[in-house]
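These notes concern the structure reproduced below.
The values are calculated or read from the model by the stated rules, or taken from the named source; none is laboratory data. This is a predicted model, so every value here is computed, not measured. Ideal geometry is used to build each Cβ from the backbone, glycine not excepted, and the neighbour counts take in all protein chains shown. Remember, those area values only see protein heavy atoms, side chains included, never the ligands or the DNA or RNA. Shrake-Rupley method; radii C 1.70, N 1.55, O 1.52, S 1.80 Å.
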Amino acid sequence: MQKIIVPKCTNPIRFIVLTSFILCSILLLCVDYSALYETRQKEATLLTNDFSNSSSPIDPNSEELAIGTLTTTSRIDQKPKQSIKTSSSNSHSSRRSSRRSSRRKGRKTRTKIKPKPILHIFEEPKKLPPKTEEDPSCKGKYIYMHDLPKKFNDDLIQNCLLPHLKWSEICRFVWENMGLGPKVYSNKRILTNNGWYYTNQFSLEVIFHHRMKQYKCLTQNSSLASAVFVPFYSGLDVGPYLWGFNTSIRDKGPIELARWLSKTPQWKTMWGRDHFLIGGRITWDFRRNNENDSDWGTKLMLLPEPNNMTMLTIETGYWNNDFAIPYPTYFHPSTDAQIIEWQRKVERRERPYLFSFIGGLRPKQETSIRGELINQCTASRNCFFLACIPGGRKCGDPVEVTRTFLSSVFCLQPPGDSYTRRSIFDAMLAGCIPVFFHPGTAFAQYIWHFPKDRKKYSVYIPSKRVKGKEVNVSDVLEGISSKEILEMRNEVIRMIPRMIYADPRSRLETFEDAFDVAVKGILERVEILRKEIEEGMDPSIGFSDMNLQKFEMIGLG
């Protein structure tokens with residue numbers, strides 16, 4: 001047998017290594033790298049419209065949310081975001097073709113989405129640049145807004161995210177959607193599709209501030225300004241400290257604000273009488289007149305500097321530098337079309353109940369008429385009563401509240417813990433004619449937003465007659481003719497735009513909302529003061545005096 005001769009140069013180990021290298025190279029060329037993503041410092045991989053991956057640097061000032069970014073807050077009834085499922089082909093030729101196509105297109109074809117930092121509380125709208133030169137259309141309308149230290153506003157919002165405050169009444173949802181709260185999603189066909197939020201009744205300061213940022217005649221030149229806005233969140237400042245805290249803690253913010261304002265050049269123009277601020281609570285919460293720790297509220301409006309300013313609040317008192325503006329409702333439209341759509345829905349609604357009442361008893365208030373009204377309502381087949389009890393949820397549910405008011409011709413609005421109540425505006429928003437029992441509940445309050453003739457939009461029954469059981473509410477309302485009811489309801493529906501606050505991230509085109517009406521009222525007030533100064537009059541006389549006849553309306557009985 002012939003012997004096989006193996007060449008001396010052959011080395012089996014080298015052959016195995018060479019073969020392994022070639023096989024690994026082939027495998028590496030076949031891998032689909034498009035399925036992988038890389039993590040780089042200050043970069044984020046984002047999903048684009050063609051489902052390919054691209055990398056772009058994180059912009060800390062970006063206003064758009066990256067897909068898949070986690071949020072720091074939870075949302076009530078938030079619709080779940082739909083996840084996008086992708087499938088990959090097992091064909092190597094298809095993957096290679098995709099890679100070649102991607103390289104040919106280059107980066108120009110990739111859709112870049114700038115992610116928003118997770119720590120942002122609000123998604124800021126595109127702000128209009130404040131005017132620095134005079135615009136003829138803004139003559140007499142310019143407003144200068146102080147750039148306050150963040151401890152007077154933004155930091156108070158951050159405090160609301162603390163675990164022990166997050167779900168308190170004052171902080172509830174105020175950090176979401178610029179104070180509007182979480183969106184309302186409902187399939188019950190009670191509300192329209194857009195513009196509805198779980199808005200807290202004490203969130204006005206935040207909403208108004210963000211609306212002011214979008215004000216057409218906002219200026220950085222204070223010499224052009226007819227009025228000066230102070231974006232201090234006075235209600236959020238005191239709200240967490242109303243119970244169990246001494247007066248020095250409650251007054252700390254107001255005292256520091258007064259000191260800061262007095263040092264600004266804008267203050268010396270009219271010594272603060274052209275300045276205004278928002279009170280997200282009733283005025284009594286800002287007028288504590290002693291140093292007793294057991295007494296309520298702060299002394300904000302009794303300090304010398306704030307006493308020279310005008311406060312717009314959800315409920316005014318007896319002072320001349322207090323003006324009431326509407327409570328926030330659940331509806332914050334972003335377009336004129338959304339308002340018109342809602343008005344038409346309200347107008348066409350069938351109303352099976354003559355009247356309704358949403359509320360609870362006030363057993364500790366001797367003058368309260370709520371008990372008698374509840375008795376009369378429950379005894380009538382024409383009345384619907386929605387009881388508000390501790391721990392109950394229906395009275396804070398936009399759908400349930402709106403459903404009740406949409407189903408009623410009249411809505412009873414007796415005083416509660418104070419003269420006014422948010423329910424006034426929730427009811428009128430639904431086209432329900434309000435029935436008042438005290439002039440301080442509406443007639444003497446919202447003088448800029450409501451018609452002077454109360455009979456155009458409301459019914460008045462003196463509370464003393466109800467308290468004395470001299471009148472039956474059902475009998476009074478049944479005596480109103482269908483023609484009068486129709487006229488009053490139409491007036492209430494026309495009033496809707498002036499009672500609501502539009503979404504701060506947009507601007508209405510033809511309607512004036514509650515913000516616009518309030519700003520117009522302030523500008524007119526300051527203009528009157530300027531004319532008095534030009535005529536040599538002392539602007540301090542009567543500016544912040546008490547007017548004990550403020551709530552005495554002639555002819556109401």
- [ ] Hey, can you tell me all the residues within region 185-212 that are open to solvent by less than 10 Å² (accessible area, probe 1.4 Å) and farther than 18 Å from E400 by Cβ?
- [x] S203, L204, E205, V206, I207, F208, H210, M212
- [ ] For region 343-376, name all the residues that are within 22 Å of P398 (Cβ to Cβ), open to solvent by less than 20 Å² (accessible area, probe 1.4 Å) and free of Cβ contacts under 8 Å to residues at least 60 places away in the same chain.
- [x] F357, G360
Open item on the list: It is to be established whether one or more residues within region 134-152 are in contact with an Asp or Glu (Cβ under 7 Å, 6 or more places away or on another chain) and surrounded by 20 or more Cβ atoms within 10 Å (Cβ to Cβ).
Closed with: no
Open item on the list: Which of the numbered conditions does G431 fail, given that it passes all the others? Conditions: (1) on the phi > 0 side of the Ramachandran plot; (2) at pLDDT below 95.
Closed with: (2)
- [ ] Scan region 531-554 for residues that are aliphatic (A, V, I, L, M) and either in contact with a strand residue (DSSP E or B) (Cβ under 6 Å, 6 or more places away or on another chain) or modelled with pLDDT of 90 or more (or both) and report the count.
- [x] 4
Open item on the list: If I go through region 509-522 residue by residue, how many of them are open to solvent by 20 Å² or more (accessible area, probe 1.4 Å) and of a type in the set (A, V, I, L, M, F, W, C)?
Closed with: 1
Open item on the list: So, in region 387-407, how many residues would count as being touching a Lys or Arg at 6+ places or on another chain (Cβ under 6 Å) and either assigned to a strand (DSSP E or B) or open to solvent by 60 Å² or more (accessible area, probe 1.4 Å) (or both)?
Closed with: 0
Task: Which listed residue is open to solvent by 10 Å² or more (accessible area, probe 1.4 Å) and part of a helix (DSSP H, G or I), from D417, D426 - done: D426
- [ ] Give the residues of region 312-326 that are open to solvent by 10 Å² or more (accessible area, probe 1.4 Å) and assigned to a loop (DSSP other than H, G, I, E, B), sorted by residue number.
- [x] Y318, N320
TODO: With the condition kept exactly as written, say whether any residue in region 525-546 is within 22 Å of T441 (Cα to Cα), assigned to a loop (DSSP other than H, G, I, E, B), open to solvent by 30 Å² or more (accessible area, probe 1.4 Å) and out of contact with any helix residue (DSSP H, G or I) (no Cβ under 8 Å at 6 or more places or on another chain).
DONE: yes
Task: Among (1) within 22 Å of H332 (Cβ to Cβ); (2) open to solvent by less than 20 Å² (accessible area, probe 1.4 Å); (3) hydroxyl-bearing (S, T, Y), the one test that T441 misses - done: (1)
- [ ] Scan region 468-506 residue by residue and report those that are crowded, with 18+ Cβ neighbours inside 10 Å and part of a loop (DSSP other than H, G, I, E, B).
- [x] I500, Y501, A502, D503, P504, R505
Task: Close pairs from region 267-287: first on the phi > 0 side of the Ramachandran plot, partner open to solvent by 10 Å² or more (accessible area, probe 1.4 Å), Cβ under 7 Å, at least 6 apart - done: W271/N308; G272/E305; G272/N308
Task: Filtered residues of region 444-467 (kept if polar (S, T, N, Q) and assigned to a loop (DSSP other than H, G, I, E, B)) - done: Q445, S458
